[in-house]
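**Q** Encoded as structure tokens, here's the structure I'll be asking about.
Every read-out reported here was derived from the displayed coordinates using simple, explicitly stated rules and does not represent laboratory data. The structure presented is a predicted model; accordingly, all values stated were derived computationally and were not measured. A quick note on method: Cβ atoms are made from the backbone with ideal geometry, for glycine too, and the neighbour counts reach across all protein chains shown.
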């Protein structure tokens with residue numbers, strides 16, 4: 001995967017370099033932008049989210065690696081460790097964990113909430129790691145900045161797991177501004193991801 | 001003599017781009033005590049451009065201050081722009097500048113005194129052009145240059161123009177092109193032609209004095225000047241203050257030549273993203289919006305134009321007068337409607 005090295009560059013240069021790579025026809029599937037400027041990282045992420053472009057960010061040695069999937073191409077981010085080794089010692093598969101609700105199972109919501117917390121906290125312990133976690137309906141509430149699981153999701157994201165949040169659901173619960181980890185997505189992309197992975201796990 | 005001086009060299013956020021985020025600021029300002037006064041006509045609670053105190057039934061004073069780090073390479077230009085920007089708040093309230101004081105922070109180890117002189121000379125000439133008297137100021141040593149003015153103006157209490165008086169049925173006129181922050185960011189990385197840069201510099205230097213005269217003469221009651229929060233941010237303040245909805249047509253926004261292409265190439269200053277966060281929940285963008293136009297509406301302006309709300313029947317005449325007075329980019333950019341409940345106060349179409 002092509003690497004765009006924007007280290008040492010000030011805003012808005014890293015974003016300009018990202019934009020230029022997005023329209024560069026010689027880069028077919030995706031590329032990685034390296035930046036050591038926190039503001040640039042935030043701006044690039046916001047720009048990509050606003051334009052519904054998929055990306056995954058990992059941080060290494062005070063430098064962010066933003067892996068960007070070019071729109072209209074098949075997912076190339078399913079194996080980001082090839083280009084950006086994550087030192088977890090864990091295998092990763094392309095399976096998806098799909099969280100449909102903030103509660104795990106039916107019966108008692110109080111119990112369901114506890115179980116869900118335990119479930120999400122356990123994800124990183126299990127090998128292989130999933131390639132993606134999709135959140136919809138009240139499941140999106142687990143990934144908001146005031147959720148007790150906010151840090152866990154950030155950690156999972158930093159392990160290279162894509163966190164995908166249903167945009168319609170985030171809108172419905174008015175929490176779009178509070179989704180700090182993950183990419184807001186739509187039904188088309190969610191269904192495509194579910195259709196193309198090897199298996200789906202529902203808690 | 002200043003051929004080698006480039007004030008932009010070590011500046012990350014210049015001009016009004018250097019503002020603190022509006023939401024944080026509001027939260028802090030709301031906690032500081034204020035003496036209640038029946039003579040305070042406009043205070044900080046409505047996010048207006050300046051404060052207004054009634055002195056007598058026929059006299060009100062308008063006070064404002066503004067200062068920021070360099071927004072351009074040349075010290076004299078910077079002085080002119082900082083002064084025009086500070087004085088603009090008086091014009092946006094429909095007032096006449098009366099007096100001004102310099103506010104300067106200057107690293108005397110880094111720059112020679114001729115740089116300070118050029119900045120002050122630029123500012124002073126602008127103050128004279130505005131018809132105000134410069135009566136001194138305050139200078140302190142600081143690692144980064146900052147310059148601006150505290151300005152006092154006067155007006156009749158009955159003709160104060162605020163951002164709280166826009167009425168449904170009126171149309172919105174913007175008097176200067178957008179894109180100053182894009183141009184300055186582009187200048188730092190050699191992405192902008194000299195011609196476009198010079199155009200932006202002269203627009204930032206241009207006083208809003210004639211726009212003010214036209215507003216006062218035409219009995220306009222609602223206006224604000226467009227600065228660091230961008231057109232969209234200042235439109236939100238006007239919509240909230242006036243209890244109306246502002247509909248802004250992105251395709252009618254005036255901008256400097258080449259700015260659209262620069263935004264398209266990713267030359268989007270950080271302040272635009274900050275302004276975007278600031279208007280979330282307050283401004284509604286259509287789903288398939290032209291992203292470049294959206295970011296233009298969020299571009300932080302330094303010494304920007306005036307956004308005025310005018311009767312539709314007067315709009316053509318006022319627009320022509322503005323263009324004839326030197327605001328050649330003036331354009332009708334939107335309209336005022338009744339506040340739509342459950343909808344954000346600013347709607348971009």
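**Q** Pull up the DSSP beta bridges for the range A:2-82 and report the antiparallel fraction as a percent, rounded to 5.
**A** Working: 12 of 16 bridges.
The antiparallel fraction comes to roughly 75 percent.
**Q** Do you know the relative contact order of chain A, to the nearest whole percent, from alpha carbon pairs under 8 angstrom that are 6+ apart? Kindly include the intermediate steps, with their values, before the conclusion.
**A** Values: 351 pairs, mean separation 37.3, N = 203.
Relative contact order here is 18 percent.
**Q** Rounded, prolate or oblate: which fits the range A:108-203 when a ≥ b ≥ c are the square roots of the eigenvalues of the alpha-carbon gyration tensor, with rounded for a/c under 1.5 and prolate only if a/b beats b/c?
**A** On the way: a/c = 1.35, a/b = 1.01, b/c = 1.34.
Taking the square roots of the gyration eigenvalues as a ≥ b ≥ c, the range A:108-203 is rounded.
**Q** Then there's this: Counting helices only, and only those DSSP H runs with n ≥ 4, report the 222 nm mean residue ellipticity of chain B as the sum of -39,500 (n - 2.57) divided by its residues, in deg cm²/dmol to the nearest 500.
**A** Working: 11 runs with 122 residues, N = 349.
Helix contribution divided over all residues of chain B: -10500 deg cm²/dmol.
**Q** Further question: What ratio of Cα Rg to 2.2 N^0.38 Å holds for chain B?
**A** Working: Rg = 19.1 Å, N = 349, 2.2 N^0.38 = 20.4 Å.
After normalising by residue count via 2.2 N^0.38 Å, the value is 0.94.
**Q** Whole angstrom only: what separates the Cα centroid of the range B:184-222 from the Cα centroid of the range B:108-140?
**A** 20 Å
**Q** Sticking with this one: Counting only other chains, and only Cβ atoms inside 10 Å, what mean value do you get across the residues of A:3-10?
**A** Details: counts 0, 0, 0, 0, 0, 0, 1, 5.
Going residue by residue through A:3-10 and averaging, the value is 1.
**Q** If you average the alpha carbon positions of the range B:250-267 and of the range A:1-78, how far apart do those two centres end up, in angstrom?
**A** The range B:250-267 and the range A:1-78 have Cα centres separated by 22 Å.
**Q** Given a Förster distance of 30 Å, report the FRET efficiency between residue A:50 and residue B:36 from their Cβ-Cβ distance, rounded to the nearest 0.05.
**A** On the way: r = 44 Å, r/R0 = 1.45.
Computed FRET efficiency for residue A:50 and residue B:36 comes out at 0.10.
**Q** In µm²/s, what is D for the protein assembly as shown at 10 °C and 1.306 mPa s, where D = kT/(6 pi eta Rh) by Stokes-Einstein and Rh is the Kirkwood radius from Cα pairs? Show your work: numbers first, answer last.
**A** Numbers: Rh = 25.4 Å.
Approximately 63 µm²/s, per Stokes-Einstein.
**Q** With the Cα gyration tensor of the range A:2-82 giving a ≥ b ≥ c as the square roots of its eigenvalues, does the rule (a/c under 1.5 for rounded; else a/b larger than b/c for prolate; else oblate) give rounded, prolate or oblate?
**A** Numbers: a/c = 1.60, a/b = 1.30, b/c = 1.23.
Since a/c reaches 1.5 and a/b is larger than b/c, the shape of the range A:2-82 is classed as prolate.
**Q** Anyone know which of B:276, B:207, B:149 comes out most mobile in the 10 Å Cα GNM of chain B?
**A** B:276
**Q** Pop out the Kirkwood hydrodynamic radius of the range B:15-159 from its pairwise C-alpha distances, inverse of mean 1/r, in Å to one decimal.
**A** Value: 16.1 Å, from the Cα pair sum.
**Q** Give me B:216, B:115 ranked fewest to most by other Cβ atoms within 10 Å of their Cβ, as a rough exposure proxy. Intermediate results must be reported in sequence, preceding the final value.
**A** Numbers: B:216 17, B:115 22.
The most exposed by this proxy come first: B:216, B:115.
**Q** With springs only between Cα atoms under 10 Å apart, run a GNM on chain A and tell me which of A:61, A:121, A:43 wobbles the most.
**A** Of A:61, A:121, A:43, the most mobile in the Gaussian network model is A:61.
**Q** Here's a follow-up. Work out the FRET efficiency for residue A:111 and residue B:20 from their Cβ-Cβ distance, taking R0 = 60 Å, and round it to the nearest 0.05.
**A** Numbers: r = 46 Å, r/R0 = 0.76.
It comes to 0.85.
**Q** OK, next. Kindly rank A:141-154, A:16-29, B:292-305 from highest to lowest mean number of other beta carbons found within 10 Å of each residue.
**A** On the way: A:141-154: 17.8, A:16-29: 15.6, B:292-305: 26.2.
Those peptides, ordered most packed to least, come out B:292-305, A:141-154, A:16-29.
**Q** Do you know the relative contact order of chain B, to the nearest whole percent, from alpha carbon pairs under 8 angstrom that are 6+ apart? Before the final figure, lay out each step's value.
**A** Details: 798 pairs, mean separation 79.9, N = 349.
Relative contact order here is 23 percent.
**Q** What nm value, rounded to one decimal, do you get for the distance between residue B:328 and residue B:343 when each label is placed 7 Å out toward the C-beta?
**A** Between residue B:328 and residue B:343, the simple spin-label model gives 3.7 nm.
**Q** Could you work out, residue by residue across A:41-47, how many beta carbons of other chains sit within 10 Å of that residue's beta carbon, and then give the average as an integer? Walk me through the numbers before you get to the answer.
**A** Numbers: counts 0, 4, 8, 2, 1, 5, 6.
Mean shielding count: 4.
**Q** Within 10 Å of each Cβ in B:264-274, how many Cβ atoms from other chains are there, averaged over the peptide? Spell out each step's value before the answer.
**A** Numbers: counts 2, 6, 15, 6, 8, 4, 9, 1, 4, 11, 3.
Mean inter-chain Cβ contacts per residue within 10 Å come to 6.
**Q** Going by C-beta contacts inside 10 Å, put B:101, B:246 in order with the fewest on the left.
**A** Going from least to most buried by this count: B:101, B:246.
**Q** For n ≥ 4 DSSP H runs only, could you compute -39500 (n - 2.57) per run for chain A, divide by its residues and tell me the 222 nm figure to the nearest 500? Write out the running numbers ahead of the final one.
**A** Working: 6 runs with 62 residues, N = 203.
Roughly -9000 deg cm²/dmol at 222 nm, from the helical runs in chain A.
**Q** To the nearest Å, what is the center-to-center distance of the range B:289-349 and the range A:136-203, using C-alpha atoms only?
**A** So the two Cα centres are separated by 38 Å.
**Q** What does the range B:192-315 give for Rg and for Dmax, in Å, if only its C-alpha atoms count?
**A** Final numbers for Rg and Dmax: 15.1, 42 Å.
**Q** Say we join alpha carbon atoms closer than 10 Å with springs in a Gaussian network model of chain B; which of B:75, B:38, B:168 then has the biggest fluctuation?
**A** Result: B:38 has the largest fluctuation of those listed.
**Q** With a 10 Å Cβ neighbour count serving as the proxy for reagent exposure, in which order, fewest first, do B:20, B:322 appear? Write down the numbers at each step before the final one.
**A** Numbers: B:20 10, B:322 25.
Result, fewest neighbours first: B:20, B:322.
**Q** Something else now. Of all beta bridges DSSP finds with both residues in chain A, what is the antiparallel percent, to the nearest 5?
**A** Numbers: 13 of 31 bridges.
Once the DSSP bridges in chain A are tallied, antiparallel ones form about 40 percent.
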